[in-house]
Amino acid sequence: MSKKKIQSALISVFHKDGLEPIVRKLDEQGVKIYSTGGTEKFIKELGIDVIPVESLTDYPSIFGGRVKTLHPKVFGGILHRRDNDSDLTEAKKFEIPPIDLVIVDLYPFEETVASGAGEDDIIEKIDIGGIALIRAGAKNYKDVVMVSSREYYQDLQDILDNQNGETTEDERKLFAAKAFATSSHYDSAIFNWMNAEKQVPAFRVSSAPGRTLRYGENPHQKGYFYGDFEEYFEQIHGKEISYNNLVDIEAAVQLMAEFPDDIAFGILKHNNACGIATGKSVKEAYQRAFAADTVSAFGGILITNQEVDKAAAEEMSSLFFEILIAPTFAVDALEILEKKKNRILLIQKKPWRQEVQYKSLLNGTIVQDYDLKSETKDDLEVKTKNAPTADEVDDLIFASKVCKQSKSNTIVLAKGGQLLASGVGQTSRVDALNQAIEKAGKFGFDLNGAVMASDAFFPFPDCVEIAHKAGITAVIQPGGSIKDQDSVDYCDANGLAMVMTGTRHFKH
């Protein structure tokens, strides 16, 4: 395997933090250093010799710094092949010195966009020379070490410290792969900003950093997560988060996002709510959520939008659950909850909000807007002679939110801000309703005066008939069937209230 010792370096970075020990080590090892602008000044201030790129190119930095390194002597120094006689002859003829190491830290484009800066400022943070240096150094990895981000400074430092600046081709190729990951991520961010109106029919997503999971959905499947989990969560206790945990966590925060103005508690299993309720305290909301399905709650995912206090922690501590998510935890609550070493405790730093979702299938990717529509009282159109009471309206809104976050086909039965039962993921709406009614009876709920929500229209009046016979008094559904009137007529004949929203909430 071809080993090469670093003898010359070009350093051009935006952020200087973490650079000093590398520069000092390069100087100690006799490496010739070229640099530009602020980086050159930084190195000089360390008392280390540095050669300005301008002295190599015979051109100053021009156009307000837009052009500094874009010159044949720079790119020739990186790209010429050390084992190619013709390249070596040309390099000698045009006095192009070899550059063995390139260190670049790109302009902070994504950070500038996130800051809310204006278009002119954002445009100036599109790096040109830096991205070109990265591609050049990575392309010629057989001869060049390409360090494309502060993220990889420690990798270089280890080589300088432990190998006296000598690298193998495999090591250089790994740096090159990381460099192209940096450049492709950077370009994807720029494209998505430029294409905010979606006028270019192309899909670009780049997520970093990544982590290897213990396995995927099942132990025989490999699993990986790419994204910034820490933007939303801080894990303060428990075992490593798994693939299935991540899927359940997303379902949990989507559900809880539906209840920003209530003290709410949810219990989920396999991405569906087996319990969700509001209450006057976290303890009461938990008790009401747990009552909906005391069996499925075992091994579930728990979430609340309020601080978990000692009373709530004591109430739920006897239950075996995988994860508890909350905005904060009281100190005395943590003393109770942390007694189970594998129990995952997550602080949710901010409310969940995503605009776009996507998944791979059929040798491609499908992309759509997230379903961010949640019904309010203004969205309800009364279709029956009987209008729902004020309490029923509140329950219809509650049930509709739970229904929206459950797998289709789904039926939700609720009363008093509490999920009584649901039927989810069924192949027919009748099956979903029957499952919900049976489950409500199993856990001792009286459905008289309860409400029913459906994620899609009723093609026949059979569901409202079954619901009426079970005690349901009000129904919410999107409508849209050519036989809507059949369901309305049944409700009118039997004293039920029905409202339609005009919005379907399928979730597959």
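Computed quantities for the displayed model
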{"item": "Low-density loop positions, GluC sites (Glu not before Pro), the range 1-70 - DSSP coil, at most 10 other Cβ in 10 Å", "result": "none"}
{"item": "The range 82-93 - phi-based ³J(HN,Hα) in whole Hz, Karplus 6.51/-1.76/1.60, Gly and Pro as x", "result": "6, 10, 10, 4, 5, 4, 5, 5, 5, 4, 5, 4"}
{"item": "Qualifying trypsin sites (Lys or Arg not before Pro) in the range 234-282, DSSP loop, other Cβ atoms within 10 Å at most 12", "result": "K280"}
{"item": "Listed residues T294, T212, T168, T410 arranged by accessible area, highest first, probe 1.4 Å", "result": "T212, T294, T168, T410"}
{"item": "In Å, descending, principal axis extents of the Cα set of the range 17-174", "result": "49, 36, 32"}
{"item": "Sparse-neighbourhood loop sites, GluC sites (Glu not before Pro) in the range 322-410 - DSSP loop, at most 11 other Cβ within 10 angstrom", "result": "E355"}
{"item": "Heavy atoms of D394 accessible to a 1.4 Å probe, total area in Å² rounded to 10", "result": "80 Å²"}
{"item": "Charge dipole (the chain, unit charges on Cβ, about Cα centre) - positive-most of L345, A257, Y141", "result": "Y141"}
{"item": "Rounded to whole Hz, the Karplus (6.51, -1.76, 1.60) HN-Hα couplings of the range 259-267, x for glycine and proline", "result": "10, x, 10, 10, 7, 10, 9, x, 10"}
{"item": "Volume per residue of the C-alpha convex hull in the chain, rounded to whole Å³", "result": "197 Å³"}
{"item": "Compactness index (Cα Rg / 2.2 N^0.38 Å), the range 246-345", "result": "0.94"}
{"item": "Binned Cα-Cα distances of the range 299-377, short to long, each 10 Å bin given as a whole percent", "result": "15, 36, 22, 22, 6, 0"}
{"item": "Flagged links, alpha-carbon separation over 30 Å, of K3/K73; K239/K439; K139/K349; K198/K269; K383/K404; K373/K442", "result": "K239/K439; K139/K349; K198/K269; K373/K442"}
{"item": "Sequence-distant aspartates and glutamates (8 or more away, or on other chains) whose Cα lies within less than 15 Å of K125", "result": "D105, E110, E111, D187"}
{"item": "Positive-end residue of I48, G216, S206, charge dipole of the chain with Cβ unit charges", "result": "G216"}
{"item": "Ellipticity estimate at 222 nm from DSSP helix runs (n ≥ 4, -39,500 (n - 2.57)) divided over the chain, nearest 500", "result": "-11000 deg cm²/dmol"}
{"item": "With eigenvalues of the C-alpha gyration tensor scaled by 5 and rooted, the range 28-70, Å", "result": "21, 12, 7"}
{"item": "Accessible carbon and sulfur surface of the chain relative to its total accessible area, %, 1.4 Å", "result": "49 percent"}
{"item": "Ranked order, H220, H237, H505 - accessible area, probe 1.4 Å, largest first", "result": "H220, H237, H505"}
{"item": "Per residue accessible area in Å² of the chain, where ligands, DNA and RNA are left out and the probe is 1.4 Å", "result": "49 Å²"}
{"item": "The range 88-240, relative contact order in percent, only Cα pairs under 8 angstrom and at least six apart counted", "result": "18 percent"}
{"item": "Per-residue SASA entry for W352, accessible area with 1.4 Å probe, Å² rounded to 10", "result": "40 Å²"}
{"item": "Computed over the chain: relative contact order in percent, which uses C-alpha pairs under 8 Å that are six or more apart", "result": "9 percent"}
{"item": "Cα pair count fraction exceeding 19 Å, expressed as % - the range 438-494", "result": "27 percent"}
{"item": "Against the rule of thumb 2.2 N^0.38 Å, how large the Cα Rg of the range 183-282 comes out", "result": "1.40"}
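The values are calculated or read from the model by the stated rules, or taken from the named source; none is laboratory data. Note that the structure is a prediction, hence the values are computed from the model and not measured. Positions of Cβ are generated from backbone atoms using ideal geometry, with glycine treated the same way; all protein chains shown enter the neighbour counts. Just the protein is used for accessible areas: all its heavy atoms, side chains included, with ligands, DNA and RNA removed. Shrake-Rupley method; radii C 1.70, N 1.55, O 1.52, S 1.80 Å.
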